[in-house]
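Contents: one structure, followed by commentary.
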Amino acid sequence: MFKAKSIRTKLTILTTALLSLCCFILVELLNYSTSIRLDGIDLPNKAQIGMDITISLDSLVNTLRLEAYFYLALVVATGSLLTWFLLGRFLKPLHNLTEHMKNTSPATLDQKIKSGGYHDEI
């Protein structure tokens with residue numbers, strides 16, 4: 001039904017999922033820590049400071065939470081694109097080998113595979 005996904009796509013999806021999970025946990029821990037710290041703040045009343053200051057801690061926490069999720073999405077998107085690009089470069093020798101093997105027949109088994117300047121196992 002669905003075309004098989006390439007190893008590059010599978011690894012990118014896996015990396016994106018792990019990065020998303022780690023970022024989500026980090027954001028939740030930071031949100032929890034911020035909530036705890038803000039709950040512990042004693043704000044002076046109007047008589048102590050001589051002016052009227054209105055601070056909504058709930059609004060502040062919600063704003064910080066939204067900003068944290070925005071940055072989470074930004075980090076995950078950037079990480080996913082970087083992973084896709086790097087995996088393409090790292091898997092290129094394997095892709096070249098696969099393409100060469102697809103085009104190999106019994107009559108062409110004596111042909112050498114071009115390494116493309118890579119000095120690794122493949």
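The values are calculated or read from the model by the stated rules, or taken from the named source; none is laboratory data. Keep in mind that this is a model prediction, so the values were computed, not measured. For neighbour counting, all protein chains shown are included, and Cβ atoms are generated from backbone atoms with ideal geometry for every residue, glycine included. Side chains included, ligands, DNA and RNA excluded: accessible areas come from the protein's heavy atoms. Shrake-Rupley method; radii C 1.70, N 1.55, O 1.52, S 1.80 Å.
Laid out as a table, the results:
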quantity: Test for residue 26: is it at pLDDT below 90, under 28 Å from the mean Cα position of the chain (by Cα), part of a helix (DSSP H, G or I) and surrounded by 13 or more Cβ atoms within 10 Å (Cβ to Cβ); calculated: no
quantity: Filtered residue count, the stretch 51-92, keeping only those that are at pLDDT below 80 and either of a type in the set (A, V, I, L, M, F, W, C) or open to solvent by 70 Å² or more (accessible area, probe 1.4 Å) (or both); calculated: 9
quantity: Test: residue in the stretch 95-104 that is aliphatic (A, V, I, L, M), modelled with pLDDT under 85, open to solvent by less than 70 Å² (accessible area, probe 1.4 Å) and more than 19 Å from the chain's Cα centre (by Cα); calculated: yes
